[in-house]
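Let me begin by presenting the structure, written as structure tokens, before commenting on it.
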Amino acid sequence: MEFDYIIVGGGSAGCTAAFSLARQTPGTIAVIEAGPPDNDLRVKIPFALINLLGSDRDWKRRTVAQANAGGRRIGVPRGRMIGGSGSLNSMVWFRGRVDDYDAWGLPGWSGNEV
């Protein structure tokens, strides 16, 4: 098979890039993802992240040894499936701090407008 564009990684950014390319070009696009589809029921249930940790849908990344954590290496969940870490986020959303948005100084992006 041949493609005009190959996007490596079917996470949030990769899928967005593929969508953007598809709208702008008549070329063919392939999205390559190491993990499985995101059709596992655990992906669809809020706060089911705990059941996905260490599964085939998690890259199982760990930090280096942390001096302030007794030398332990801390797990860092990273999504290994279509949707990437966006599919592993337990359907949790946190609003940014108002003063952070205000500090950007961008029209339409103040803390009260976002």
R62 to R23: extension gain in nm, 0.36 nm per residue of separation minus the Cα-Cα distance?
10.3 nm
Calculate the FRET efficiency for S90 and D4 from the Cβ-Cβ distance with a Förster distance of 41 Å, rounded to the nearest 0.05.
0.70
In whole Hz and in residue order, list the ³J(HN,Hα) couplings for region 63-79 that follow from phi through the Karplus curve 6.51 cos²θ - 1.76 cosθ + 1.60, θ = phi - 60°; x for Gly and Pro.
6, 6, 4, 9, 4, 7, 10, x, x, 6, 9, 9, x, 10, x, 9, x
Computed over the chain, Kirkwood Rh from alpha-carbon pairs, angstrom
16.9 Å
Neighbour net charge for R78 - beta-carbon separation under 9 angstrom, K R +1, D E -1
+2
Once amide H atoms are placed 1.01 Å from N in the peptide plane, what residues at a sequence separation of 5 or more from I7, or on another chain, have their amide H within under 5 Å of its amide H?
A30, V31, I32
Hz values of 3J(HN,Hα) by residue in region 82-93 - Karplus curve (6.51, -1.76, 1.60), Gly and Pro given as x
4, x, x, 5, x, 8, 10, 8, 6, 6, 9, 9
Within 10 Å, at most 12 other Cβ atoms, and a DSSP state outside H, G, I, E, B define an exposed site. Report the longest part of the chain free of exposed chymotrypsin sites (Phe, Trp or Tyr not before Pro).
48-92
Debye, to nearest 20: dipole size of region 27-85, +1 on Lys, Arg Cβ, -1 on Asp, Glu Cβ:
320 debye
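We did not get these values from a lab; they are worked out from the coordinates using the rules stated. In this text, all values refer to a predicted model and were calculated from it rather than measured experimentally. As a convention, Cβ positions derive from the backbone with ideal geometry for all residues, glycine included, and neighbour counts pool all protein chains shown.
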